[in-house]
Amino acid sequence: MNPTTSMAELRQKAHAYAFFCLIVWAGTFISTKILQESFSSVEILFIRFLAGYFFLFLLHPKTVRFSGLRNEVLYVLCALTGIFLYYYLENVSLEYTSAANVSVLVSTAPFFISLVYKIFEWKTTRLTPAFFAGFAVTFLGLVLIAFNGEFSLSFNFKGDLLAIAGAAAWGFYSYFLDKLGNRGENTLAATRRTFFYGLIFILIVLLAQGKKMDFHSLAEPGNLLNLLFLGLFASALCFTAWARAVSGLSAVTAGYYIYFIPVVTTILSFIILGEPVTVFSFAGMLLVIAGLLISNFKKTDDHADSPSA
């Protein structure tokens, strides 16, 4: 197989990994909202990523070898931003504001990915007018999808601000993950290393809250299924797949898939729950696609880290 073909296949697999994450993550808001009736936000995180850690251990028991302080710091930063801060802020925001608000605001993460690159690599990263115009169009599409024509929703400043902070945290996580890169380590083991540090951050907050977990709620079938979904699919498998997507595409390009999470949520709701696709949601989907096309106008190398147009 020639190098060009192998690179093309690698990119195809990376797109498939990102698409898998898109489909699974689209359903996490519902599962989290259900679990919040029995557990606190930090309890959900701890159970979720602890389960994910053991799932990864069963799949690949070997650990990542120590490859220098710099790489270990990157693992810690990935855990802090992508495991702890992003999900903690997202879960807590759901306690204050609507799921519709949160789904829109956290879906702006690709915008923050580009801003983070601009901060750390300002000499080589260009944010063109087309990029900002595309983001504005995409954001309008996300709003139409989430609100679905019902614009009487009340906004909660604290909840919305927490959701935005979560999106910003994912921007930093994507950058650190990209810098960590593929250094010959097994992706399952590398993801488990990130989960390990993330669990430490979550456990610190859990102990600080001093709450006793209701273990009887764990035995409820509905809770078990939702925790299994979050732990195995949304955490263990998706974080592994996302690392491979970023490795094959770059953090910026893979990040564009996040914009489509509300779109997929709408489609799944139509297929599974029979909820109608309204004119507003359909128009929102078209605007999301149009915004991405505008943002990438004249872009010739989608593997480049720079979000230039």
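Are there trypsin sites (Lys or Arg not before Pro) in region 183-224 that DSSP marks as loop and that have at most 16 other Cβ atoms within 10 Å, and which are they?
Arg183, Lys211, Lys212
Please list, in chain and number order, the residues 5+ apart from Arg126 or on another chain whose amide H is under 5 Å from its amide H, with Hs placed from the backbone.
Ser308
Nearest 0.05, what FRET efficiency do Glu72 and Val279 give at R0 = 51 Å with Cβ-Cβ as r?
Once the sixth-power term is evaluated, E becomes 0.50.
Output the direction-averaged projected area (hull surface divided by four) of the convex hull of the alpha-carbon atoms of the chain, in nm².
Averaging across all directions leaves 17.3 nm² for the Cα convex hull.
With each run of n ≥ 4 DSSP H residues scored as -39500 (n - 2.57), what mean residue ellipticity at 222 nm is computed for the chain after dividing by its residue count and rounding to the nearest 500 deg cm²/dmol?
Helix-only estimate at 222 nm: -21500 deg cm²/dmol.
At 15 angstrom or more along the helix axis (alpha-carbon based) and mean Kyte-Doolittle of 0.0 or higher, what helices does the chain contain? Whole DSSP H runs only.
Span-like helices, by this rule, are 3-25, 41-59, 109-120, 129-147, 157-180, 187-209, 238-249, 279-295.
Could you check which residue among Ile164, Ile200, Ile271 shows the biggest mean-square fluctuation in a GNM of the chain with a 10 Å Cα cutoff?
Ile271
So which residue, out of Asp214, Asp160, Asp178, gets the largest mean-square fluctuation from a GNM of the chain using Cα contacts under 10 Å as springs?
Asp214
Which of Trp122, Trp242, Trp25 moves the most in a Gaussian network model of the chain with Cα springs under 10 Å?
Of Trp122, Trp242, Trp25, the most mobile in the Gaussian network model is Trp122.
FYI, it's all coordinate maths here, none of it is from the lab. Note that this is a predicted model, so its numbers are computed, not measured. We place every Cβ from the backbone using ideal geometry, glycine too, and count neighbours over all the protein chains shown.
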